[in-house]
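Below is one structure, written out as structure tokens; the observations come after it.
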Amino acid sequence: MYRESEMHVLASSGMGARGLMLPVSLLAVAVAVLVGIVSLWLGPWAASTSDTLVANANRSVIAAGLDAGRFTSLPGKGGIILADTLSRDGSKLGKTFLSTERIGKDGIHHLKVVTGTHGQLYTESDGNSRFLALYTGWQYDIPLGADNWRKMKYERNDSSLSDVQSDNEEDPAHEMPTSTLLRTDNPNARAELAWRTIAPAMTLALLMLALPLSRQSPREPRYGRLLLAVLSFYLYFLLLELCRSQIVKGRWHHATPMWIVTILVFALAAWMFRRQYMPRKVRRAGA
């Protein structure tokens, strides 16, 4: 609107700083409420739900893309698997073929082929590792480039499978509900709670900062103010991250420094905005 001179037209028609602040304030409050909901509730819920889905996927071979009657590569270079039938939850398999490759102590690549009449996927009691148990079948150990093959018949054969990895490798406090963080007293929980509570105030400060940084005269470079806005955001964000890291390290025990930085940014933006719209002093002609 500044670039197309629309703001100058509105200003000449009588819309001053107060007329501009009202719609921006309504927008700022709405966005701050939305950010607060996401930060305090939706974000932790999404992180917890994501980890739950990954944990459920580790109890099923469907997560690896396994489809009955089709060769499928297991995650983490776990080998090739083929099953003629598959249960709905992906934990029970019909006739199964499993092929893996490993390097033996002699440095020779060994191909391990396992067949079974049926199979079942299970996890350890701690849920950290998962295994595929095959029943009543044959196992072949084939050293590549050699003729000393080995063949073994078994009643049960367990093979370790790689876990489906989650993309969320952040601190466990990131998944905790805000109510739980309020009752948890450790540096990570305090840092996470501080970051969640500062997010709505951070939104207000950035929107206030956008007002003076968006003002532009027709002859100014098109993206000059935009570059300044991006640099201002990164400086503000890095200051908040620095404060958060101090809380994580246990050097600070509260979010007061983060609030001080946010208040200073908001005050600076308000001063810049007021300075732009305050009446200019009339210069007197010299004698």
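The values are calculated or read from the model by the stated rules, or taken from the named source; none is laboratory data. Everything numeric here is computed off the predicted structure, so don't read it as measured data. A quick note on method: Cβ atoms are made from the backbone with ideal geometry, for glycine too, and the neighbour counts reach across all protein chains shown. Ligands, DNA and RNA are excluded from the accessible area calculation, which covers all protein heavy atoms including side chains. Shrake-Rupley method; radii C 1.70, N 1.55, O 1.52, S 1.80 Å.
Of the listed requirements (1) over 30 Å from SER179 (Cα atoms); (2) under 24 Å from the mean Cα position of the chain (by Cα), LEU211 misses just one: (2).
Quick grid of which residues meet (1) hydrophobic (A, V, I, L, M, F, W, C); (2) at pLDDT 90 or above; (3) open to solvent by less than 80 Å² (accessible area, probe 1.4 Å):
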| position | (1), (2), (3) |
| --- | --- |
| SER125 | no, no, no |
| THR136 | no, yes, yes |
| TYR140 | no, yes, yes |
| ARG150 | no, no, no |
| LEU161 | yes, no, yes |
| VAL164 | yes, no, yes |
| ASP167 | no, no, no |
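Taking into account only those residues within region 174-199 that are aliphatic (A, V, I, L, M) and under 18 Å from MET258 (Cβ atoms), which is most open to solvent (accessible area, probe 1.4 Å)? Looking at residues that are aliphatic (A, V, I, L, M) and under 18 Å from MET258 (Cβ atoms), I get LEU182.
Taken residue by residue, region 16-37 has no member that is more than 26 Å from ALA270 (Cα to Cα) and either surrounded by 13 or more Cβ atoms within 10 Å (Cβ to Cβ) or modelled with pLDDT under 70 (or both). Residues of region 219-255 that are assigned to a loop (DSSP other than H, G, I, E, B), among the aromatic types (Phe, Trp, Tyr) and open to solvent by less than 100 Å² (accessible area, probe 1.4 Å): TRP252 alone.
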